[in-house]
1. Tell me: how much accessible area in total is hidden between B and A, 1.4 Å probe, Å², nearest 100?
2. Give the accessible area for A:T394 in Å² (nearest 10); use a 1.4 Å probe, count only protein heavy atoms, and leave out ligands, DNA and RNA.
3. If I take every Cα pair under 8 Å that is 6 or more residues apart in segment A:329-402, average their sequence separation and divide by the length, what percent do I get for the relative contact order?
4. Just the number, please: Stokes-Einstein D of segment B:35-222 in µm²/s, Kirkwood Rh from C-alpha pairs, 37 °C, 0.692 mPa s.
5. Can you tell me the orientation of helix A:339-348 relative to chain A, as the angle in degrees between its alpha-carbon axis and the longest Cα principal axis, to the nearest 10?
6. So which residues of segment A:167-191 lose at least 20 Å² of accessible area, probe 1.4 Å, when you go from the chain by itself to every protein chain present?
7. Can you give me the Kirkwood hydrodynamic radius for segment A:151-199, using every pair of distinct Cα atoms, in Å to one decimal?
8. Where only protein heavy atoms count, and the probe is 1.4 Å, what is the accessible area per residue for the protein assembly as shown in Å²?
Amino acid sequence: MSDVRIITGNEAAALAVKLAEPGVIAAYPITPQTKLAEVLSEYVESGELEAEYIRVESEHSSLTVCISASTVGARVFTATSANGLLYMHEQLHWAAGSRLPVVMCCVNRGVGAPWSIFNDHQDSFSQRDTGWIQLYCRDNQDILDTIIQAYRIAEEVYIPVMVCYDGFILSHTMMPVEIPDAGMVKKFLPPYKPHTTLSPDDPKTINSVFFATRRENSEGILCDGYMDMRHKLQTAFEKSGKVIKNASREWAAMTGRDHGGLIWEYMTEDAELILTGMGSIATEATLAADALRDEGIRAGVVGIRAYRPFPKEEVVQAFKKATAIAVFEKCISYGYEGGVCSDLKAAFYGTDIKTPIHDYIVGLGGRDVKTGEIVDAARTTLESIRAGKTGNKTIWLNCYTG
Amino acid sequence: MPAACHFCGITKQQIKRCKGPWAICHMALFLGEIMAMHEIIWHGRGGQGVVLAAQILAEAAYIQGFPGVTSAPTFGPERRGAPLTASTRISNESIRTFSQIGSADIAVILDETLFETATSEGRIKESGLVIVNSTLTPQQIRPVGNFTVATVDATGIAREYHLSMNGSPVVNTSLLGALSMASGLISLENIEKGLKKKMPQDKASLNFQAIQTAFKRTLYVGSNPKFRTQEKS
């Protein structure tokens, strides 16, 4: 019989990490940290999880511990949110540049100032270009399954993975989650094989100063320069989409649970109006699509699961028949527009998709977004496009200030 | 399977347009075949076990066979003594909404002084159900809105069973008994099972005695008595 528990997103994440059996967990235990780190410490304390649990004085240090432990061959985990993630910024680049398969949860919260502990995506969005894979979860089951998949992906392409899920909205809400069997997870997730191992028996220097050009080392072997290393990371990213899809497909074959590889679709087959977003807002949008269909509007939803690598080909396929697109996103690139909207437009450039896009900035700092509000916004988008207004627009939903 | 609901004559195809008593009357007819969501909001003060009650109800509902359940605390920093809410959603399909509950089908009020806030404009659906911890009868409470009121003296029951924490009576579990009685949504048997998932055996059995007593003592009055689908034991 399957083991279903009614748990929060944080508890689902902790269970997933336990099943992935990391050797080292590092965490800064104070706000904006969530209960996830606390539950993991209990697993280690009780002996349910055999791991070194290292409490540190800052998020910068927690990722540094993960980088070091991963370098010497341990599977690692850490978690943070909001300003804690920003404090890791330098080390995020370092983990990616070192090609270490660190897996981290970002429990998405708004960034200060002013202080907020509530949900939006500005924290992980602002770390978009650090060289991490970013996956966004739509519910608590997705959180559990994605973390397990994240280790498989990270260790295959040697790129760190950030598993992002909505603070409070998922992290503190309990819902039924099916817990996979430990043996099955072991079968899915082979042991971590580091690309380089530091050991006193085989001393090496890694990540020393790289010069602009390629150079011979002391043994006369021509080595990559800095730019070549960066190109290798980009190439690995280009291949990672396929690895993410494979991991998702294999997991679905084993468990029957398919959260989509890079994107997931809901009733898009004949959709004239497509709603899109990342995380729980995309789940909420599926209810809006149901309601719009009750009104006779053929609506569907595309959930963006992988934000980096951005699923260029998949979105072109998914959106090609839509006559109106409404993006609902919880982040903004100040002075321009929301990130998903920009990336969609870039993906559509040079294709036959000329569909106008309305970009709704929603839910910043936890502002509530109800299904009915998504319905109204999406309907307005469709009506305005039908009326011949073909311009793109950015609209702040439920925002009343002057 | 009858063609239409006994109570309001609605057919299965029309179910979403039901203006009746929050669709519960159709549950017995179309269980498992319709999408019916029940939104329950719990009002209390920090330290009263509001969040735990919302969780126990979600556990019990899942055991009863509702595949979609969620429970969530108010999204905010909680303080002992401050008014707060928690919510439970119960549905025949997986829950896809995580926004805060606007108008609830059922409001459960652990602290009577919160009655006015909890039942203010728009917080309860028309012909919804309000369950209050009070020594008053529903008639004495006299609701302004068009909803059913149920009362139970959960504080008195907590004293009878010596249920207390940090010197305050524990009223959250008794209100689960009142909810079972007044709504007929979740059986006592399943509430007991849900309770056991959230607390140790000895504590659960003492709390369940209080729940059974609360079930028996719950009084209700309203324009529509069909909330009560279970017979009084």
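The values are calculated or read from the model by the stated rules, or taken from the named source; none is laboratory data. Not measured: the values here are computed from a predicted model. For neighbour counting, all protein chains shown are included, and Cβ atoms are generated from backbone atoms with ideal geometry for every residue, glycine included. Ligands, DNA and RNA are stripped out before the accessible areas are found, and what is left, the full protein with its side chains, is counted by its heavy atoms. Shrake-Rupley method; radii C 1.70, N 1.55, O 1.52, S 1.80 Å.
1. On the way: alone 11210 and 17990 Å², together 27300 Å².
The summed interface area works out to 1900 Å².
2. 60 Å²
3. 37 percent.
4. After rounding, the answer is 204 µm²/s.
5. Helix A:339-348 sits roughly 80 degrees off the main axis of chain A.
6. Output list: A:F168, A:I169, A:H172, A:T173, A:M174, A:M175, A:P176.
7. Details: mean 1/r = 0.0719 Å⁻¹.
One over the average 1/r among Cα pairs gives 13.9 Å for segment A:151-199.
8. Value for the protein assembly as shown: 43 Å² per residue.
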